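Data block below; observations after.
The values are calculated or read from the model by the stated rules, or taken from the named source; none is laboratory data. As the structure is a computational prediction, the values presented were derived from the model and not from experiment. Counting neighbours? That spans all protein chains shown, and the Cβs are built from the backbone with ideal geometry, glycine included. Note: accessible area is taken over every heavy atom of the protein model, side chains too, but ligands, DNA and RNA are not part of it. Shrake-Rupley method; radii C 1.70, N 1.55, O 1.52, S 1.80 Å.
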Amino acid sequence: QNKVLDLNPIYKTFVIPNFIDINVPLIKKSKSTTFRILFLGRIHPKKGLDVLLKSLNKLEFNFELNIVGEGESDYLGSLKKIINENSLFDKVNWLGAKHGLEKHELYANSDLMVLPSHDENFANSVLESLMFGTPVVISTNVGLSDFVKSNNLGWVYNGNENELAACIENAYLNSENRDYIENNSREMVLKEFNSLKLTQDYLNNYTK
């Protein structure tokens, strides 16, 4: 919406989210002494995975990063170079693409999902993560950042790997916030993004 208004500020606009599949099973979250960070999505420069990898070297607690997705070999090579330069070999797991129950279990059994995109108009993975009670850290460039921030469903940052690292550390230290999200995020997503509400929103706006 903001980009459209930058082109012509007199446009009349409205924003309605995507329809997404929120009919997903309840999965009990497992516990671990290792803080489990998840990146799930297309591995592409716009997703900011390089920023996430650079931020990890600033963390001073026991963590692992599970990367779920696929990308072009040249870009993957540049990411692996960052891992090598920062001695993160034993903390980063490349899991490839996952679907269905495997993907759902990864969401449910993560402590945090991070999406540091440079440009993301919506981000289904954010809602998918919250459906399984897993909080998120996302950049202000992600379309759902206002929803996450206003409902206290995670942490939103604007900046470089230093700010991202600070957000991840805050998430790690604030177990009470994570417990709140685990217990409430599913209900919030179902209320705000159910198909009946979105359909009515479309009809109301197109009628106007």
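Starting from 0.36 nm per residue, how many nanometres of slack lie between Lys81 and Trp94 once their C-alpha separation is accounted for?
Answer, rounded to one decimal: 3.3 nm.
How high is the relative contact order of the stretch 73-141, given as a whole-number percent (alpha carbon pairs under 8 Å, six or more residues apart)?
29 percent
Only Lys, Arg, Asp and Glu count, each charged at its Cβ (+1, +1, -1, -1), so figure out the dipole size of the stretch 21-161 about its Cα centre, rounded to 20 debye.
For this selection, approximately 280 debye.
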Requested in this report: Mind jotting down the distance between the C-alpha centroids of the stretch 60-74 and the stretch 163-207, whole Å?
Outcome: 24 Å
Requested in this report: Mind running the shape call on the stretch 141-208? Use the C-alpha gyration tensor, a ≥ b ≥ c as the square roots of the eigenvalues: rounded below 1.5 for a/c, prolate if a/b tops b/c, oblate otherwise.
Outcome: oblate
Report task. Pull up all non-local amide H partners of Asn121: gap of 5 or more, or a different chain, and H-to-H distance under 5 Å with H placed in the peptide plane. Result -> Gly143
Report summary line: Counting only protein heavy atoms and leaving out ligands, DNA and RNA, the solvent-accessible surface of Asp50 at a 1.4 Å probe, in Å² to the nearest 10, equals 40 Å²
Report summary line: Under the Karplus relation with 6.51, -1.76 and 1.60 and θ = phi - 60°, whole-Hz ³J(HN,Hα) for the stretch 8-18, x at Gly and Pro, equal 8, x, 8, 4, 9, 10, 9, 10, 10, x, 5
Query - Exposure ranking of Glu163, Glu70 by accessible area [1.4 Å probe, largest first] - result: Glu70, Glu163
Requested in this report: Past 30 Å, Cα to Cα, is the threshold; run Lys3/Lys91; Lys29/Lys81; Lys58/Lys191; Lys46/Lys91 against it and keep the listed order.
Outcome: Lys3/Lys91; Lys29/Lys81; Lys58/Lys191
Report summary line: Heavy-atom accessible area with a 1.4 angstrom probe orders His99, His104, most exposed first, as His99, His104
Query raised in the report: Would you list Ser110, Ser195 from the most to the least accessible area, probe 1.4 Å?
Result: Ser195, Ser110
